[in-house]
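The structure appears below as structure tokens.
Derivation of every value follows stated rules applied to the coordinates shown; laboratory data play no part. The structure presented is a predicted model; accordingly, all values stated were derived computationally and were not measured. A quick note on method: Cβ atoms are made from the backbone with ideal geometry, for glycine too, and the neighbour counts reach across all protein chains shown.
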Amino acid sequence: MDDKDLMALAVEARERAYAPYSGFAVGAALLGSDGRVWQGCNIENVAFGPTVCAERVAFFKAVSEGVRAFDAIAIAGGPAGEGIAPFTSPCGVCRQVMREFCEDGFRIILGDADGGLRIYTLADLLPASFG
């Protein structure tokens with residue numbers, strides 16, 4: 001699976017986001033080292049604390065199926081009902097979840113509405129991390 005295909009799956013997952021409070025819909029597509037992909041979308045809650053980001057939904061789905069090895073994640077976000085915003089980056093909590101299961105070279109793929117991609121490693125976005 002190439003990066004653009006993974007991003008297309010993140011954009012598709014974004015359509016299923018439940019974001020009535022923030023109005024910001026996010027989709028993620030997580031590529032396992034075995035080639036399987038898990039999609040996730042953000043799911044909000046009026047109490048905010050129970051809200052779960054798209055990236056963590058994808059990770060938790062994969063981990064719940066026994067997978068612990070991952071190569072990359074694509075993330076697409078933006079105002080609900082509109083195109084994707086440029087290069088939506090994962091929050092700190094999601095970065096720490098990524099660190100729990102991934103090495104420094106894990107790729108984080110961010111996209112824009114024109115099909116542009118920016119690719120970071122986990123080490124780029126979470127330097128000097130612990131795990």
So what J values fall out for region 36-53 if you push phi through Karplus, 6.51 cos²θ - 1.76 cosθ + 1.60 with θ = phi - 60°, rounded to Hz, Gly and Pro as x? 6, 10, 10, 9, x, 9, 6, 10, 8, 9, 4, 7, 6, x, x, 4, 10, 6
Residue by residue through region 24-35, which ³J(HN,Hα) values in whole Hz follow from phi under the Karplus form 6.51 cos²θ - 1.76 cosθ + 1.60 (θ = phi - 60°), with glycine and proline marked x? 10, 8, 10, x, 9, 9, 9, 9, x, 5, 8, x
Mind listing the long-range amide H neighbours of residue 106? Cut-off is under 5 Å, sequence gap 5 or more, other chains count too, H placed in the peptide plane at 1.01 Å from N. 122, 123
The chain: calculated mean residue ellipticity at 222 nm from DSSP helix runs of at least 4, using -39500 (n - 2.57): -8000 deg cm²/dmol
Counting only residues 5 or more places away or on other chains, whose amide H sits under 5 Å from the amide H of residue 112 once H atoms are built in the peptide plane? 87
Once Rh is set to the Kirkwood radius over Cα pairs, what Stokes-Einstein translational diffusion coefficient, in µm²/s, holds for region 3-125 at a temperature of 4 °C and a viscosity of 1.567 mPa s? 93
For peptides 11-22, 118-129, sequence by mean Cβ density within 10 Å, most packed first: 11-22, 118-129
Enter the Cα centre distance for the pair region 10-60 and region 109-131, rounded to the nearest angstrom. 17
Quick one: dipole size for region 43-131, taken about the Cα centre, charges +1 on Lys/Arg Cβ and -1 on Asp/Glu Cβ, in debye to the nearest 20. 200
Kindly work out what percent of the DSSP beta bridges joining two residues of the chain are antiparallel, to the nearest 5. 80
Measuring from label point to label point, each 7 Å out along Cα→Cβ, what is the residue 123 to residue 91 span in nm? 2.8
As I understand it, the dipole of region 3-125 uses +1 on the Cβ of Lys and Arg and -1 on the Cβ of Asp and Glu, about the Cα centre. Which of 10, 25, 85 lies farthest toward its positive end? 25
